[in-house]
Amino acid sequence: MFKIAVLISGNGSNLQAIIDGIESKKINCEIEAVISDKPGAYGLTRAEVKGIKNYVIDRKAEALSDRIFEIVKDKVDLIVLAGFLSVLKGELLRSFSGRIINIHPSLIPSFCGKGMYGIKVHERALEYGVKYSGCTVHFVDDGTDTGPILLQKVVPVYVQDTPKDLQNRVLEREHESLVEALHAIIEGRVVLHGRKVEILD
Ligand code: GRF
């Protein structure tokens, strides 16, 4: 059975999309653990309700990545960052190279990088006046939002949009994207050509 760990920092609607995807048999995997770097994150409740093992490691904790590595090493095939705000490093990153994905609420390389997360991403997109935004699922490397892009989905931006309007429109696509990306990875249909990612039919 393909096993994943899902790392969160907040509400966990992307985690919920994975849980729902498993229950509706869209994806064939098991969530071995949910790990939050923020105590009280609602995503922890989502895990608890489903009897999924869940852990809190405060983001200010020493050696956060090493603590996460202890939980996931030899136990999971893939780590999914679903609204996780801490930067991973060290042995965890090395040992899971090519086996960590992240979902970001913009069309990378726009509106991403250090400090670009949550509603701020959508505020910048609206300030810039883009006509389209969207979300990106990408592999995690040692940069911030710089790994090879697996999948992107586009949404229109309307002149009267508030940041919240745009965030909600993008979030719907995020949920679809994460399930689609997981489905492809689990079925072994993802091929990397250097930075370029091909998803086989
Ligand atoms: C999502 O917009 C995700 O793209 C970003 O943080 C947000 C997390 O939302 N990284 P949720 O916790 O999954 O609801």
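The values are calculated or read from the model by the stated rules, or taken from the named source; none is laboratory data. Because the structure is predicted, anything quoted here is derived from the model rather than measured. With ideal geometry, Cβ positions are generated from the backbone for all residues, glycine too; neighbour counts draw on all protein chains shown. For the accessible areas, the whole protein counts, side chains as well, though only heavy atoms, and no ligand, DNA or RNA atoms are used. Shrake-Rupley method; radii C 1.70, N 1.55, O 1.52, S 1.80 Å.
Summary table below
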quantity	calculated
Members of segment 100-112 that are surrounded by 15 or more Cβ atoms within 10 Å (Cβ to Cβ) and part of a loop (DSSP other than H, G, I, E, B)	Pro105, Ser106, Leu107, Ile108, Ser110, Phe111, Cys112
Candidates Asp145, Asp161, Asp141, filtered to the one that is in contact with a Cys (Cβ under 7 Å, 6 or more places away or on another chain) and surrounded by 15 or more Cβ atoms within 10 Å (Cβ to Cβ)	Asp145
Set Glu127, Glu176: member being farther than 21 Å from Ala5 by Cβ, acidic (Asp, Glu), within 14 Å of the ligand (Cβ to nearest atom) and outside any strand (DSSP E or B)	Glu176
Failed item in (1) within 11 Å of the ligand (Cβ to nearest atom); (2) open to solvent by less than 10 Å² (accessible area, probe 1.4 Å), with Ala47 passing the rest	(1)
Given (1) under 25 Å from Phe2 (Cβ atoms); (2) among the hydrophobic types (A, V, I, L, M, F, W, C); (3) surrounded by fewer than 14 Cβ atoms within 10 Å (Cβ to Cβ), index of the condition Val76 fails	(3)
Condition met for Glu91 (touching a Pro at 6+ places or on another chain (Cβ under 6 Å), of a type in the set (D, E, K, R) and surrounded by fewer than 21 Cβ atoms within 10 Å (Cβ to Cβ))	no
In segment 17-26, the residues that are within 15 Å of Gly51 (Cα to Cα) and either surrounded by fewer than 17 Cβ atoms within 10 Å (Cβ to Cβ) or free of Cβ contacts under 8 Å to residues at least 60 places away in the same chain (or both)	Ile19, Asp20, Ile22, Glu23
From Asp37, Asp77, Asp66, Asp20, residue being farther than 19 Å from Val140 by Cβ and acidic (Asp, Glu)	Asp20
Subset of segment 115-138 [of a type outside the set (A, V, I, L, M, F, W, C), modelled with pLDDT of 95 or more and open to solvent by 20 Å² or more (accessible area, probe 1.4 Å)]	Tyr117, Gly118, Lys120, Glu123, Arg124, Glu127, Tyr128, Gly129, Lys131, Tyr132
Options Ser13, Ser9, Ser36: the member that is closer than 18 Å to Ile100 by Cα, within 15 Å of the ligand (Cβ to nearest atom) and surrounded by fewer than 21 Cβ atoms within 10 Å (Cβ to Cβ)	Ser9
Cross-chain or 6+ apart pairs with Cβ under 6 Å, segment 131-157 first and in contact (Cβ under 8 Å) with a residue 40 or more places away in the chain and farther than 19 Å from Ser95 by Cα, then assigned to a strand (DSSP E or B) and among the basic types (Lys, Arg)	Cys135/Lys153
Failed condition for Asp77, given (1) in contact (Cβ under 8 Å) with a residue 60 or more places away in the chain; (2) closer than 19 Å to Gly12 by Cβ	(2)
Qualifying residue in segment 156-170 (condition: within 12 Å of the ligand (Cβ to nearest atom), of a type in the set (S, T, N, Q) and closer than 25 Å to Lys25 by Cβ)	no
